[in-house]
Amino acid sequence: MDTVTTHQAEEDQRNAQIAIYVNGELKPRAQATVSVYDSGFMLGDGVWEGLRLHDGVWSFLDEHLDRLFEAAKAIDLDIGLDRGGVRQALLDTQAANGMTTDAHARLMVTRGTKVRPFQHPSLSRSGPTMVIIMEHSKPSLPRPISLATVPHLRGLPMTQDPKLNSHSKLNCILACIAAEKAGADEGLMLDINGFVNTTNACNFFIVRKGEVWTSTGDYCMNGITRQKVIDLCRANDIPVYERNYSLVDTYGADEAFLTGTFGAQTPVGMIDGRVIARGEAGPVTGRIRALYQQLIASQAGNAC
């Protein structure tokens, strides 16, 4: 079985010609570079956001900007632009690429270029580095995702807070590698207490007897799509619970799915070699998907 990912997309030749935003300039893809002394490259010192463009509107942009600025404040990073400036940089990059829908942006901010190749943040003296990579990107998932439980945990806030969208993703990358070596697509990560938490890339939900369960949120990424799913369930009389639950609960689920900005709601067909129900998207997942698509469409309609 070929590996698939939650970020699987159709090939699009236009992406070879994209313009990339680098510190206020729009550069051809081949010329869009940062210094080897950049703190993001050298140490993973930075934060980022992933955004989706639908019918001319960046979905939940205010929430993404909230999260970006909150994360920057948490790591004591001055982005160098206010919210309006970041928003304009995104729109300028969109215009330069002539994108109207089915686009994905990765907006990254690091502490900037260092004067010497060492850890101390005072060595980053040039101001922040900001990059926006924007691609034509339409999700293309040939089958439900398979997961394998991995030994890598979503950790405590006082080590590396899992709520931060930081450039330091090595823990999640190792989880993904472990899952692939186990023959799965992504890793299912537990929290420090042994309860089911997230995958290496997305937030995780199960459905049991019509109820939607997800983690308490104490050790997971502060997912915008995760919260939208919870809100939609509450608004549409779908029982939803943020709670601790085990692998035993997970293996016996009627449905399972992942949430993320790129894939929205991605069905999970197998976990640790156990087929989840029929191994395909179930009716509750389908209903949530439809409600989410309606929400996205209403955003675009309201912006017209």
Q: Would you mind working out the magnitude of the charge dipole of the stretch 1-155 relative to its Cα centre, with +1 at each Lys and Arg C-beta and -1 at each Asp and Glu C-beta, to the nearest 20 Debye?
A: 440
**Q.** Anisotropy class of the stretch 192-304 from Cα gyration tensor, a/c 1.5 cut
**A.** prolate
**Q.** P(r) tail fraction, the chain - alpha-carbon pairs more than 29 Å apart, %
**A.** 37
Q | Inter-label distance for GLN293 and ASN23, nm, one decimal - labels placed 7 Å from Cα along Cα-to-Cβ | A | 4.4
Q.
With unit charges on the beta carbons (Lys and Arg positive, Asp and Glu negative) and the dipole taken about the Cα centre of the chain, which residue among GLN265, VAL57, ASN171 sits farthest to the positive side?
A. ASN171
**Q.** Residues listed by number, the stretch 201-221, amide nitrogen under 13 Å from SER168 label point at 7 Å toward C-beta
**A.** none
**Q.** Listed residue (THR198, PRO157, GLY98) projecting farthest to the positive dipole end of the chain, Cβ model
**A.** PRO157
**Q.** Peptides ranked, highest mean first, by Cβ atoms within 10 Å: ranges 255-263, 282-290, 191-199
**A.** 255-263, 191-199, 282-290
Q | In nm, spacing of pseudo-spin labels at ASP2 and ALA74 (7 Å Cα→C-beta vector) | A | 3.7
Q. When the chain is fully extended, how far beyond the present Cα-Cα distance does THR216 get from ARG243, taking 0.36 nm per residue of separation?
A. 9.3 nm
Q. So what's the gap between the Cα centers of the stretch 19-68 and the stretch 243-304, to the nearest angstrom?
A. 27
Q. Can you give the charge dipole size of the chain about its Cα centre, rounded to the nearest 20 debye, using +1 on the beta carbon of Lys and Arg and -1 on the beta carbon of Asp and Glu?
A. 280
**Q.** Selection from SER124, ASN302, PRO139, by position along the positive dipole direction of the chain (Cβ)
**A.** SER124
Q. So how far apart, in nm, are the two label points at SER126 and SER35 if each is 7 Å from Cα heading toward Cβ?
A. 0.3
Q.
Counting only other residues whose beta carbon sits under 13 Å from that of GLN17, what net charge do I get with K and R as +1, D and E as -1?
A. +1
Q) Which three lengths, in whole Å and largest first, does the stretch 54-190 cover when its Cα atoms are put on their principal axes? A) 43, 43, 25
**Q.** On Cα atoms only, tilt of 61-74 relative to the major axis of the chain in degrees
**A.** 70
Q: Using only Cα atoms, find the angle between the long axis of helix 83-97 and the longest principal axis of the chain, and express it within 0 to 90 degrees, rounded to the nearest 10.
A: 90
Q.
Shape verdict for the stretch 31-98, please, from the Cα gyration tensor: rounded (a/c under 1.5), prolate (a/b greater than b/c) or oblate.
A. oblate
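Laboratory data are not the source of any read-out in this text; all were calculated from the coordinates shown. Remember, it's a predicted structure, so these values are computed and weren't measured experimentally. We place every Cβ from the backbone using ideal geometry, glycine too, and count neighbours over all the protein chains shown.
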